[in-house]
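Step one of this worksheet: look at the structure below.
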Amino acid sequence: MTDQQNTAEIWRLADAKSPAFFELSDRVWAVPELNYQEERSAAEHAAMLEKEGFRVEKGVAGIPTALIGESGEDGPVIAILGEYDALPGLSQEAGVAEQRPIMLGGNGHGCGHNMLGSASLLAATAVKDWLAAKGIKGRVRYYGCPAEEGGSSKGFMVRSGLFDDVDVAICWHPSSFTGVSKAISLACVEVEFTFRGRASHAAASPHLGRSALDAVELMNIGVNYMREHMPSDARVHYAIIDAGGIAPNVVQAQATVRHLIRARTLSEMWDLVRRVKAIADGAALMTETSVVAQQLSGDANLVGNRPLEEAMHANLIRLGGPGFDAADRAFAAEFQKTFSKEDIRASYGRFGLSVREGESLSDDIYPLDYVAALSVGSTDVGTVSWVVPTVQCRVACYAVGTPGHSWQLVAQGLAPAAHKGLSLAAKAMAGVAVDVLSQPALLKAAKADFAAFRAENPFQNPITDDIEPPLDMAAH
Ligand SMILES: [Zn+2]
């Protein structure tokens with residue numbers, strides 16, 4: 001597909017620098033770091049921003065691995081959001097279609113955030129070069145956002161006022177398909193419940209002990225009974241962080257369970273949090289223990305922005321698909337052999353597409369107004385979308401049907417197909433930024449759409465004033 005529009009220069013600027021950003025993505029892939037521990041990945045991004053001449057601020061919002069790079073003067077402010085955190089337990093060699101950890105139990109980029117951050121930084125760089133070449137007033141910022149996997153750094157960055165002067169925020173996520181993201185994520189919050197009882201010899205004096213582990217078990221049973229009586233889109237999951245030790249003959253004096261509570265809207269979510277807290281209090285009452293609830297993180301649901309979505313879709317259509325070749329398809333087909341048929345078939349339905357048997361990589365742009373099942377995930381981009389007009393796309397980087405958070409996704413993270421998706425994502429985001437900077441009517445329409453939504457929907461950041469970034473959450 002050929003470009004007929006006057007934004008082509010922005011894409012040439014992105015292409016000119018893309019090899020260095022493929023290498024950045026690959027370097028971040030090689031040092032997979034968990035929530036708030038992304039020191040080396042953040043340092044790579046800061047170094048690239050400095051090399052490209054951005055004004056860089058590190059350690060923003062009280063988070064050592066969060067950073068912002070800015071370029072340009074005056075005018076509208078465009079924020080392009082990047083991520084670089086990895087996942088635990090997904091260590092995997094690149095390029096092999098069988099599970100082969102590099103380090104047993106090690107981390108891996110199972111959500112493609114190595115590509116996510118690098119493409120966003122490439123987009124910001126191309127917009128910076130475009131602003132300089134055109135002499136246009138406007139600023140572009142790259143937001144290096146850590147801990148997307150449950151750490152809600154963007155919510156803390158919003159709370160710190162880092163988006164107060166932003167006009168438009170743009171983001172993307174690697175996927176098996178390409179198109180504009182629908183605003184269908186769930187609001188979520190993570191709360192840790194720590195019960196305290198009394199230790200005792202479990203055989204000699206059990207009547208003197210009060211078990212915190214019993215309280216955790218009773219709380220989980222209570223939540224299980226609640227599940228039947230909550231909105232059908234809501235989700236509650238848990239992990240026992242501390243079961244009180246390894247000795248059955250000691251009554252467990254302390255135990256901690258972490259609950260992740262999700263719902264369609266913030267108000268439904270807060271109502272569920274209230275009910276889960278009441279269940280925890282009930283468990284404490286039954287066991288004569290005490291309980292303290294501590295919120296760790298929280299994300300709002302995503303809010304869409306129609307004018308920006310149309311602009312993003314138009315950019316993707318003009319750009320065409322990622323341009324996969326026969327070698328890319330053959331490589332992806334090897335991975336498809338490791339997926340279930342159901343994984344492959346279900347992945348089409350999520351984007352309203354009909355199943356195409358034998359398609360290993362998708363080169364199409366899915367329709368803007370597809371009808372899909374509700375997504376049951378959450379993202380901290382949601383919180384940003386409540387304070388700034390925000391748009392996101394997905395871009396195909398890996399085989400159709402690749403499960404999220406899987407070793408197969410890690411193994412495809414350095415492939416030529418991943419680089420092609422990275423490049424397309426960068427150009428689509430940069431194209432939207434240039435549209436906003438050069439078409440005042442688009443910015444006005446995006447702001448009017450946002451204002452109309454907010455007039456009807458009051459917002460309270462799920463990152464409330466009393467919580468600190470959970471910098472040690474991955475240390476458990
Ligand atoms: Zn992700």
Going through segment 66-77 in order, the residues found to be closer than 16 Å to Arg55 by Cα and assigned to a loop (DSSP other than H, G, I, E, B) are Ala66, Asp74
Exercise for review: Could you check, for segment 123-140, whether at least one of its residues is modelled with pLDDT under 95 and among the hydrophobic types (A, V, I, L, M, F, W, C)?
Suggested key: yes
Counting only residues in segment 164-199 that are β-branched (Val, Ile, Thr) and over 23 Å from Asp364 (Cα atoms), the one nearest to the ligand (Cβ to nearest atom) is identified as Val189
When segment 37-95 is checked residue by residue, the ones that are over 21 Å from the mean Cα position of the chain (by Cα), surrounded by 19 or more Cβ atoms within 10 Å (Cβ to Cβ) and small (Gly, Ala, Ser) are Ser71, Gly72
Restricting segment 78-101 to residues that are assigned to a loop (DSSP other than H, G, I, E, B) and within 12 Å of the ligand (Cβ to nearest atom), the one nearest to Val127 (Cα to Cα) turns out to be Tyr84
Out of (1) outside any loop (DSSP other than H, G, I, E, B); (2) surrounded by 21 or more Cβ atoms within 10 Å (Cβ to Cβ); (3) away from the ligand (no atom under 15 Å from the Cβ), the one Ala132 does not meet is (2)
When (1) under 19 Å from the mean Cα position of the chain (by Cα); (2) farther than 21 Å from Phe351 by Cα are applied to Lys447, the one that fails is (1)
Q) Of the residues that make up segment 154-163, is at least one modelled with pLDDT of 95 or more and within 16 Å of the ligand (Cβ to nearest atom)? A) yes
Over segment 377-412, the set of residues more than 14 Å from the ligand (Cβ to nearest atom) and of a type in the set (Val, Ile, Thr) is Thr383, Val384, Val387, Val388, Thr390, Val391, Val400
Given the conditions (1) away from the ligand (no atom under 16 Å from the Cβ); (2) hydrophobic (A, V, I, L, M, F, W, C); (3) buried (at least 24 other Cβ atoms within 10 Å of the Cβ), every one holds for Ala202 apart from (3)
Residue pairs within 6 Å by beta carbon, gap of at least six or interchain, first lying in segment 376-391 and closer than 20 Å to Pro76 by Cα, second part of a helix (DSSP H, G or I) and within 16 Å of the ligand (Cβ to nearest atom), listed first then second, are Val384/Lys154; Thr390/Val384
So, first residue over 11 Å from Ala280 (Cα atoms) in segment 182-198, second residue basic (Lys, Arg) and crowded, with 19+ Cβ neighbours inside 10 Å, Cβ within less than 6 Å, six or more apart or across chains; the pairs are Leu186/Arg262; Cys188/Arg262; Gly197/Arg210; Arg198/Arg210
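The values are calculated or read from the model by the stated rules, or taken from the named source; none is laboratory data. Just so we're clear, the structure is a prediction, and the values are computed from it rather than from any experiment. Neighbour counts run over all protein chains shown; Cβ positions are idealised from the backbone, glycine included.
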